[in-house]
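Novice: Following this message is one structure expressed as C-alpha cells.
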Amino acid sequence: MGVDLFSFIFIIFSWASLLSMKAEAEAEGIKSARLLDLLIRDYTVKSLDRDLRTGIVHTVTLPANFSGIKVDTVRFRCGSLHRYGAQVKEFHLGSGVIVQPCAERVMVVRQNLGYNWSSIYYANYDLSGYQLVSPILGLLAYNADSDLSYGSPFELGILAREKPIKINFSNITKASNKIGNWPLCASFEGNGKVTLKKQVSPNVCVATKHGHFGLVMESPPPSLPVRKKISRWKLVVGSSVGAALGAFLLGLLLVAMFVKVKKKARMEELVRRAYEEEALQVSMVGHIRARTTPTI
C-alpha cells in the first residue's frame, strides 16, 4: 500500500511538472536538459507495446523535431537485473546493480542525444575550457509496474555499488585517443554539477549510478597567425636571383662610374690640347711678326 501511495504522489507531481514545462517549451523552445528527459520519457511510454517482452530492446520513434536523438528502452524485472546485469547499447550493467525503489519491473531508457542536441548541456552546465568530443549518452530508469498508458512513470535510481556501470564511447566519439591527449569522462549531475574523471581504458568510462555522460577534451588555445614555411629550393632560387640582380646593378654602377671618369679625363685632355694649340699659335704668330718687321 505504501508503494502504491508513493507511486501515485510521484505520478501526480511529475505530471504537473511536465504540463508547466511543456508550456514553457512551446513558448521558448527546449532549453532545459531536465525538460528534454521528460519529453523523451513521455514519447517512450507512448511508443511501448503492452505486450513488450521483458529483456528485449525496443527502439523508440521520436517526432521529426527531435531529429538526431536516438532512444532505446527495455523492461527488466528488478530481481533479474540485480542477479544477471544487462547490456543496453553502450551501457553495461554488471550483476549486483540495484534499482531503488522498485517493486517488480523497471523500464530502462538509453539516450543518445547526438552532437546537435548535446549542445544543450553547454547552456545547463559549466563546460568552460572544455569541448565535447562525443554525444551525450543518458541512462535513466522509470517504474514499469502498472499500465503506463494511464499516466507518466516516475523516475527510479540505478546504483552499481559492487560493479560500476561501464560506458563505451568507441563507436560514437570523434576523439583519437592519442598518447598524452586522452579525453576525460564527464558525468553530468542533476544539480548542475559536472564531474571529470580519467578513462579506465580507451573510450570507456565508468559510473556508479544513472545519469548523463560524455567525453570532453580541453579546448585548444586561440591560434596565432602561422608564417608559411618557404621551401629550401625556393629559398635557394630566390637568393640566387637576388645575388644575380645585385651583381648586375653593381656592374651597371661600375660601368657608369668608369664611363664618367673616362669622359672627364677625355674632356681634360681636350682642354689641355686646346690650351697648348692656342699657346703654340700665339708663339708662332709672334715669331712671324718678329721676322717680318721692316728694316729702316
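Novice: Show the residue pairs meeting these rules: Cβ distance below 7 Å; 6+ apart or different chains; first residue within the stretch 192-211 and in contact (Cβ under 8 Å) with a residue 40 or more places away in the chain and of a type in the set (A, V, I, L, M); second residue surrounded by fewer than 15 Cβ atoms within 10 Å (Cβ to Cβ) and assigned to a loop (DSSP other than H, G, I, E, B).
Specialist: Short answer, once both residue conditions are applied: VAL194/ASP126; VAL206/VAL200.
Novice: Among the candidates VAL255, VAL204, VAL200, VAL259, which residue alone is at pLDDT 75 or above, open to solvent by less than 100 Å² (accessible area, probe 1.4 Å), in contact with a Ser or Thr (Cβ under 8 Å, 6 or more places away or on another chain) and β-branched (Val, Ile, Thr)?
Specialist: Every option except VAL204 fails the conditions.
Novice: A further question follows. Could you please let me know if SER95 is within 28 Å of the chain's Cα centre (by Cα) and part of a loop (DSSP other than H, G, I, E, B)?
Specialist: No; evaluated as a whole, the condition is false for this residue.
Novice: Do any residues in the stretch 75-98 that are among the polar types (S, T, N, Q) have Cβ atoms under 7 Å from those of residues that are open to solvent by 20 Å² or more (accessible area, probe 1.4 Å) and modelled with pLDDT of 90 or more, where the two are at least six apart or on different chains, and which pairs are they?
Specialist: Listed pairs, sorted by first residue: SER95/ARG83; SER95/TYR84; SER95/LYS163.
Novice: Can you find a residue in the stretch 176-193 that is exposed (fewer than 14 other Cβ atoms within 10 Å of the Cβ) and modelled with pLDDT of 85 or more?
Specialist: yes
Novice: Sticking with this one: Quick one: in the stretch 110-130, which of the residues that are in a loop (DSSP other than H, G, I, E, B) and within 14 Å of the chain's Cα centre (by Cα) is surrounded by the most Cβ atoms within 10 Å (Cβ to Cβ)?
Specialist: Checked the stretch 110-130; the qualifying residue surrounded by the most Cβ atoms within 10 Å (Cβ to Cβ) is LEU127.
Novice: Of (1) in the same structural domain as GLY190 (by the TED database); (2) at pLDDT below 90, LEU36 satisfies all except one. Which?
Specialist: With respect to (1) in the same structural domain as GLY190 (by the TED database); (2) at pLDDT below 90, LEU36 is out only on (2).
Novice: Could you check, for the stretch 58-68, whether at least one of its residues is at pLDDT 90 or above, farther than 23 Å from PHE213 by Cα and in contact with a Phe, Trp or Tyr (Cβ under 8 Å, 6 or more places away or on another chain)?
Specialist: Checked the stretch 58-68: at least one residue is at pLDDT 90 or above, farther than 23 Å from PHE213 by Cα and in contact with a Phe, Trp or Tyr (Cβ under 8 Å, 6 or more places away or on another chain).
Novice: If we keep just the residues of the stretch 53-81 that are open to solvent by less than 30 Å² (accessible area, probe 1.4 Å) and hydrophobic (A, V, I, L, M, F, W, C), which is nearest to ALA160 (Cα to Cα)? If you could, list the steps in order and put the result at the bottom.
Specialist: From the stretch 53-81, those open to solvent by less than 30 Å² (accessible area, probe 1.4 Å) are 60, 66, 69, 71-74, 76, 78, 81; that's our starting set.
In the following step, the residues that additionally are hydrophobic (A, V, I, L, M, F, W, C) were identified as 60, 66, 69, 71, 74, 76, 78, 81.
Values: VAL60: 26, PHE66: 31, ILE69: 26, VAL71: 22, VAL74: 18, PHE76: 16, CYS78: 13, LEU81: 11 Å.
Selected residue: LEU81.
Novice: Still on this structure, I have one more. Yes or no: the stretch 85-98 includes at least one residue that is in contact with a helix residue (DSSP H, G or I) (Cβ under 7 Å, 6 or more places away or on another chain), open to solvent by 10 Å² or more (accessible area, probe 1.4 Å) and on the phi < 0 side of the Ramachandran plot.
Specialist: There is at least one residue in the stretch 85-98 that is in contact with a helix residue (DSSP H, G or I) (Cβ under 7 Å, 6 or more places away or on another chain), open to solvent by 10 Å² or more (accessible area, probe 1.4 Å) and on the phi < 0 side of the Ramachandran plot.
Novice: While we're here: Need the failing condition index for SER20 against (1) at pLDDT 55 or above; (2) more than 27 Å from the chain's Cα centre (by Cα), just the number.
Specialist: (1)
Novice: Follow-up. Looking at (1) crowded, with 17+ Cβ neighbours inside 10 Å; (2) among the hydrophobic types (A, V, I, L, M, F, W, C); (3) modelled with pLDDT of 90 or more, which is the one condition that is false for ILE30?
Specialist: (3)
The values are calculated or read from the model by the stated rules, or taken from the named source; none is laboratory data. Nothing here was measured: the structure is a model prediction, and the numbers come from that model. Reconstructed Cβ throughout: ideal geometry from the backbone, glycine too, with neighbour counts over all protein chains shown. Surface areas here come from the heavy atoms of the whole protein model, side chains and all, with no ligands, DNA or RNA. Shrake-Rupley method; radii C 1.70, N 1.55, O 1.52, S 1.80 Å.
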